[in-house]
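K.L.:
First the structure, which I've put down as C-alpha cells, then a few questions once you've had a look.
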Amino acid sequence: MIYSQKELSQIVIEYCVAYQVEHVIISPGSRNAPLTIGFTNHPQIKTYSIVDERCAAFFALGIAQQIRKPVALVCTSGSALLNYYPAIAEAFYSDIPLLVISADRPKHLIDIGDGQTIRQENVFKNHSLYNANLVEDEQCMNENTQQISKAIQTAIQKKGPVHINVSFDEPLYETTDKLLIKDVVLENDIIETEQILNLQEYVSLWNSSKKKLVLVGTHFPDKKLQAQLIELIKDESVLVFTETTSNVHHPTFINSIDQLIFSLTDKEFKKLQPDILLTLGGMIVSKKVKQLLRKYRPKHHWHIDAKNAPDTYHCLSHHFKVADTLFFDEFLELVKPVNSDYQKSGLALKIQRKEKHDQFLTLAEFSDLKVFDIVLDTIPNNSLLQLGNSSIIRYSQLFDMNDSLTMFCNRGTSGIDGSTSTAIGASHVTNNQTVLITGDISFFYDSNALWNNYIKNDFRIILINNGGGGIFRFIPGPSNTNALDYFETLHQLTAKQLCKMYNFEYCTAKNDNELKRELKTFYQIEETPKLLEVFTPIAINDVILKRYFNSL
Ligand SMILES: Cc1ncc(C[n+]2csc(CCOP(=O)(O)OP(=O)(O)O)c2C)c(N)n1
C-alpha cells in the first residue's frame, strides 16, 4: 500500500474512510498532492478526476443528493477552492452533505508574495456548517484529529457542507508504505437529541380547525411519508399542496399549485386561506403561493424539520424539530376528522383547471409549454429526472408527473450554474436512467460539465433552446425596460459542436412531429450519451404561457 508521507494527509484520509466516505472528487494541483496520492491509492475510496472545480463540486453534489452521505472534494490552493462556492451554497440550502477539503500553504507563506495563495481559512464560513483549519505541526495532531472528526460528523448528521483546510509544507510528493497514524477512534459527540414532542396543544387546534393546508417542499422520495400524507388527507378539512420536487403523489394532492392559484382573485384565494399551515420539506418553488400566503397569512404556521424552520410566510408559530415521518407517527394517532368543505372545494378547482389545461394543450402551438406536454409523457418509468432552474422547473410544475419518476432540481439557491454537473453526478450513482431537462442559458453556462469521464451511456439531456433566458420575457419587469437584452441575453449558440467535442449523440427538433419522432428512440441505450436540442420560438413562448394561464 502506498501512502503520502505526510501524517496530516494520512489522518484526513483514514478518518474519511472510517466514517465511510466512499467518493472523492479530485481536481488537479500540487499543494493537494499528499491528499491526491493518499486517496487514489486507498482501496476503499472511489476517486474521480475533474478539472473544473465548479463542475467537480456540482458533480459531488449530485452524488451526495442521491446517496445522502458526504462526498468529498479535494483541490489545490488559491482560487481553485473558490470555484466550489456555488455548489457549497446550494448544498447549504438543500441540506446535502459535502466534505470540502482544500490544500493550503502554511501560515507563514500567506500574503508574502507566494503564487497561487489566498486567505483560505474559513473562506466559506457563511455557508458551511463547520470549518476545520489544520496545521502540520506535531504538537497539533490531536487537535487536527478532533477537528477532522467533528467536520465529518457534522456533515453526516446535520446534512450540509463542511470545509477542511489543510496546510502542507513542501516536499509534497514523498510516499511511504507505512501508515504513520494510530488507530482511528470514531466519536459520536455531536448527536443532537430530537425534540420530545408535546403535541396536545397542537392537536386540539388541529382537531377544531376547518381549513388546514399541508405544503410539501423539496423532498427526497419517501414512501412512508407519502402513505402518512394519504392517511392525513382522509380528513376533508385538509388539503395537501405538493410540488414536482416533493416526490410524493396521490390523486387527492394538489400537485400543480401555480395552475390552481395563478388566476385566482385575491377574494377567491381568501377562501383557500388556511387556519393552519403545516409545512415540511425544503424550498418551495411556487413564488405565487409564497406571495399569497404572506398576504393572507394563516393563523398558525407550523414547520416540521429536524434541523431548520425558515419563516417563509412571515408567520411561523411553531417548529417541530423532528423528522417528518416521526412527527406523523405520533400526530396521526391523535388527529380526528373534521366536517368541512375545504378539501372538496380545492379538489373541484383542481379538476376544472385540469380540463382547461388539457383543452389548451390540445390546440397549443409549438412552444416551451408544448414541448413539456410532449416530452414528459415519454420519459421512461423509474427514471431520475433532473430539472434545470428558471422556467424549466416552473413548466414542469404545470403537469401531472409520472409517479414512478424521482425528481430533483437545485432549488437551494436556484442557480443556473451547475444543473448539468449535478445531473451527471446523480446519474453516476443511480441504476436508473437519468434525464436532464435544461434551458439553453443554463446549459451553456455549465457546458464544462460535459468535460467529465464518468458520464453514463444512458444519460440523456433534453435542451430546450429558446435562444436566451426565456423567463425574462415572462416575468413582469424586464420587457418594460430598455435593457431587455441584458436580461434575456439572446444568442445563436447550439449544442452541436459541444456534442461532437464531448462525444454525445446529437439530434434536434423544431416542431411537434420532429420532436415526437426523435423521442421514439431517444432513450434507447447506445454507445454514447445523447442530447436532444429542441428549438422553440422565443417570440411566442411567453405569449403562449400567458394565454395558458388566462385560459385556466
Ligand atoms: C448562477 C446564476 N446566475 C444568474 C441567474 C439568474 N437567472 C435566472 S434564470 C436565468 C436565465 C435562464 O435561461 P435558460 O436556462 O435558457 O432558461 P429559460 O428561462 O429560457 O427557461 C438567469 C440568468 C441564476 N439563477 N443563477
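The values are calculated or read from the model by the stated rules, or taken from the named source; none is laboratory data. These numbers were taken from a predicted model, which means no experiment stands behind them. Note: ideal-geometry Cβ built from the backbone for every residue, glycine included; neighbour counts use all protein chains shown. The accessibility values were calculated without ligands, DNA or RNA, using every heavy atom of the protein model including side chains. Shrake-Rupley method; radii C 1.70, N 1.55, O 1.52, S 1.80 Å.
K.L.:
Among the residues of the stretch 382-417, what is the count of those that are within 16 Å of the ligand (Cβ to nearest atom), touching a strand residue (DSSP E or B) at 6+ places or on another chain (Cβ under 8 Å), of a type in the set (A, V, I, L, M) and more than 11 Å from residue 435 (Cβ to Cβ)?
P.N.:
Selection size over the stretch 382-417: 3.
K.L.:
Scanning for something under 12 Å from residue 166 (Cβ atoms), of a type outside the set (Gly, Ala, Ser) and in contact with a Lys or Arg (Cβ under 9 Å, 6 or more places away or on another chain), does the stretch 83-100 turn up at least one residue?
P.N.:
Checking the stretch 83-100: not a single residue is under 12 Å from residue 166 (Cβ atoms), of a type outside the set (Gly, Ala, Ser) and in contact with a Lys or Arg (Cβ under 9 Å, 6 or more places away or on another chain).
K.L.:
All but one of (1) out of contact with any helix residue (DSSP H, G or I) (no Cβ under 8 Å at 6 or more places or on another chain); (2) more than 9 Å from the ligand (Cβ to nearest atom) hold for residue 444, so report the exception by its number.
P.N.:
(2)
K.L.:
In the stretch 234-244, is there at least one residue being out of contact with any strand residue (DSSP E or B) (no Cβ under 6 Å at 6 or more places or on another chain) and of a type in the set (Val, Ile, Thr)?
P.N.:
no
K.L.:
Can you confirm whether the stretch 163-175 contains a residue that is part of a helix (DSSP H, G or I) and either at pLDDT 95 or above or open to solvent by less than 80 Å² (accessible area, probe 1.4 Å) (or both)?
P.N.:
no
K.L.:
Would you pick out the residues in the stretch 29-73 that are open to solvent by less than 10 Å² (accessible area, probe 1.4 Å) and over 21 Å from residue 134 (Cα atoms)?
P.N.:
48, 50, 55, 56, 57, 58, 59, 60, 61, 62, 63, 64
K.L.:
Okay, next question. Kindly evaluate residue 327 against the criterion of being crowded, with 22+ Cβ neighbours inside 10 Å, part of a helix (DSSP H, G or I) and of a type outside the set (Val, Ile, Thr).
P.N.:
yes
K.L.:
Related question: When the residues of the stretch 502-552 are narrowed to those that are in contact (Cβ under 8 Å) with a residue 24 or more places away in the chain and hydroxyl-bearing (Ser, Thr, Tyr), which ends up surrounded by the most Cβ atoms within 10 Å (Cβ to Cβ)?
P.N.:
536
K.L.:
Suppose we filter the stretch 492-501 for residues that are assigned to a helix (DSSP H, G or I) and either of a type in the set (Ser, Thr, Tyr) or open to solvent by less than 100 Å² (accessible area, probe 1.4 Å) (or both); how many remain?
P.N.:
Total satisfying the criteria: 2.
K.L.:
Please list, ordered by residue number, the helices (runs of 4 or more DSSP H) wholly in the stretch 1-119 having 3 or more residues that are closer than 25 Å to residue 415 by Cβ and either hydrophobic (A, V, I, L, M, F, W, C) or touching a residue at least 40 places away in the same chain (Cβ under 8 Å) (or both).
P.N.:
Hits in the stretch 1-119: 53-67, 85-94.
K.L.:
Consider residue 435 carefully, then state whether it is closer than 30 Å to residue 287 by Cα, away from the ligand (no atom under 16 Å from the Cβ) and modelled with pLDDT of 95 or more.
P.N.:
Considered against the rule, which asks whether it is closer than 30 Å to residue 287 by Cα, away from the ligand (no atom under 16 Å from the Cβ) and modelled with pLDDT of 95 or more, residue 435 comes out as yes.
K.L.:
Within the stretch 471-489, how many residues are open to solvent by 70 Å² or more (accessible area, probe 1.4 Å) and not in a helix (DSSP H, G or I)?
P.N.:
The qualifying residues number 2.
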